[in-house]
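Written below as structure tokens is the structure these notes are about.
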Amino acid sequence: MLIIGFIHAALFFEDIIGVYGFILLVFAPWLLHLSTRRMIVLTTFLLIVVGIIAPFMPRGYETLDMAAAGTAVMVNPLEASLIRMYEWIFYTPSLSYQYIPGMLIGILLGRFGFLDNPENHKKTLTKVALICLPLSIAGALPIALRSALFWSGNGEVAEAASKIFHITTGYAGGAGWTALIGLTVVRIGGNQGSIVRAIAALGQRSLSFYLFQSVMFVLILAPFAGGLGGHLGQLGSDLIALFVWILSVLLAALLAGKSMRGPFESFLRRKSTVS
């Protein structure tokens, strides 16, 4: 994953694949052996640390006035790639503390069996979805209003507060969506139509299509390719994101119909197999 992340950074800024690879390489053997109680304590502690530190570290919030940032607007693709790969070496380990809490929350959900047997946890999953999803939306509103230039007052204090709310409630959003997916699985049961199977096929090939979507966004938006990034508003970029996602679902369904794995999932399986 580190290799894939490094190559991905050459194409697309804000790579997260390498961050997950770094965490798995350095921390996973220790984290997986923690008791449930210690894991809960560690998750709580890290969430507090993230809330305190993350707003003051670069992570996509450098330009709340929607000004174009860094390598995303460079016309020379080689120069942009070299800068991104250099930056990747530093931000990959430094950002790992922000991703560990989310991974721990996922491990805890797995340990409690919420997703393996969602039908046995309908009440809990419903509570998690009803609490966490609105909390995540509410936490994202301040920074959304600032980035859309609807709210620019109160200076640095308001800016830091909006980042804190956005970052910390984002974990609640992850838990809420996970709970909602579990409830959807219970609702659907064995009645899986073609749309559900296609979306499931996309999830089974998530790494490959994460990278595919990066390529598509670069081809459409980058100044050295399609060049639309500097001419689109929020609605236009949303429509492009929806188009790329629908295309990903269709291609994933096509691969599933041919019983083909995602190419990068196959690559990881081959390279991580112990002989």
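The values are calculated or read from the model by the stated rules, or taken from the named source; none is laboratory data. Values in this document were obtained by computation on a predicted structure and should not be read as measured data. All Cβ positions, glycine included, derive from the backbone under ideal geometry; neighbour counts span all protein chains shown.
Are any of the residues in the stretch 199-220 within 22 Å of Pro118 (Cα to Cα), surrounded by fewer than 17 Cβ atoms within 10 Å (Cβ to Cβ) and of a type in the set (Val, Ile, Thr)?
Yes; the residues of the stretch 199-220 include at least one that is within 22 Å of Pro118 (Cα to Cα), surrounded by fewer than 17 Cβ atoms within 10 Å (Cβ to Cβ) and of a type in the set (Val, Ile, Thr).
So, Gly182, is that one surrounded by 18 or more Cβ atoms within 10 Å (Cβ to Cβ), at pLDDT 90 or above and assigned by TED's automatic domain parsing to the domain that holds Thr124 or not?
So Gly182 fails the test.
Output the residues belonging to the stretch 181-198 that are in a helix (DSSP H, G or I) and either more than 26 Å from Phe112 (Cα to Cα) or more than 17 Å from the chain's Cα centre (by Cα) (or both).
Gly182, Leu183, Thr184, Val185, Val186, Arg187, Ile188, Ser194, Ile195, Val196, Arg197, Ala198
Of all residues in the stretch 251-275, count the ones that are of a type outside the set (Gly, Ala, Ser) and farther than 23 Å from Ile17 by Cβ.
2
Does Ser96 satisfy the condition of being surrounded by 14 or more Cβ atoms within 10 Å (Cβ to Cβ), outside the structural domain of Thr44 (by TED's automatic domain parsing) and under 18 Å from the mean Cα position of the chain (by Cα)?
Considered against the rule, which asks whether it is surrounded by 14 or more Cβ atoms within 10 Å (Cβ to Cβ), outside the structural domain of Thr44 (by TED's automatic domain parsing) and under 18 Å from the mean Cα position of the chain (by Cα), Ser96 comes out as no.
Report yes if some residue within the stretch 55-64 is among the polar types (S, T, N, Q) and at pLDDT 85 or above; otherwise report no.
no
In this structure, does Asn76 turn out to be at pLDDT below 85, of a type outside the set (Asp, Glu) and not assigned by TED's automatic domain parsing to the domain that holds Ala225?
Here the answer is yes, as Asn76 does meet what is asked.
Residues to consider are Val218, Val244; find the one that is at pLDDT 90 or above and closer than 23 Å to Ser147 by Cβ.
Val244
Scan the stretch 117-135 for residues that are at pLDDT 90 or above and surrounded by 17 or more Cβ atoms within 10 Å (Cβ to Cβ) and jot them down.
Selection gives Leu125, Val128, Ala129, Cys132, Leu133, Leu135.
Any residue in the stretch 212-233 that is closer than 14 Å to Leu247 by Cα sitting within a Cβ distance under 7 Å of a residue that is of a type in the set (A, V, I, L, M) and part of a helix (DSSP H, G or I)? List the pairs, counting only those 6 or more apart or interchain.
Gln213/Val244; Ser214/Leu11; Val215/Leu11; Met216/Val244; Phe217/Val244; Ile220/Leu228; Ile220/Ile240
Which one of Phe114, Phe13 is within 30 Å of His231 (Cα to Cα), surrounded by 16 or more Cβ atoms within 10 Å (Cβ to Cβ), at pLDDT below 85 and in contact with a helix residue (DSSP H, G or I) (Cβ under 8 Å, 6 or more places away or on another chain)?
After applying the criteria, what remains is Phe13.
Which one of the conditions (1) assigned to a helix (DSSP H, G or I); (2) hydrophobic (A, V, I, L, M, F, W, C); (3) free of Cβ contacts under 8 Å to residues at least 40 places away in the same chain does Met260 fail to meet, given that it meets all the rest?
(1)
Under 7 Å by Cβ, and 6 or more places apart or on different chains, what pairs join a residue from the stretch 20-46 that is in contact (Cβ under 8 Å) with a residue 60 or more places away in the chain and in the same structural domain as Ser94 (by TED's automatic domain parsing) with one that is outside any loop (DSSP other than H, G, I, E, B) and polar (S, T, N, Q)?
Taking only residues 6 or more apart or on different chains, the pairs are Phe22/Thr92; Phe22/Ser96; Ile23/Ser96.
For Met85, indicate whether it is modelled with pLDDT of 85 or more and either on the phi < 0 side of the Ramachandran plot or not aromatic (Phe, Trp, Tyr) (or both).
Here the answer is no, as Met85 does not meet what is asked.
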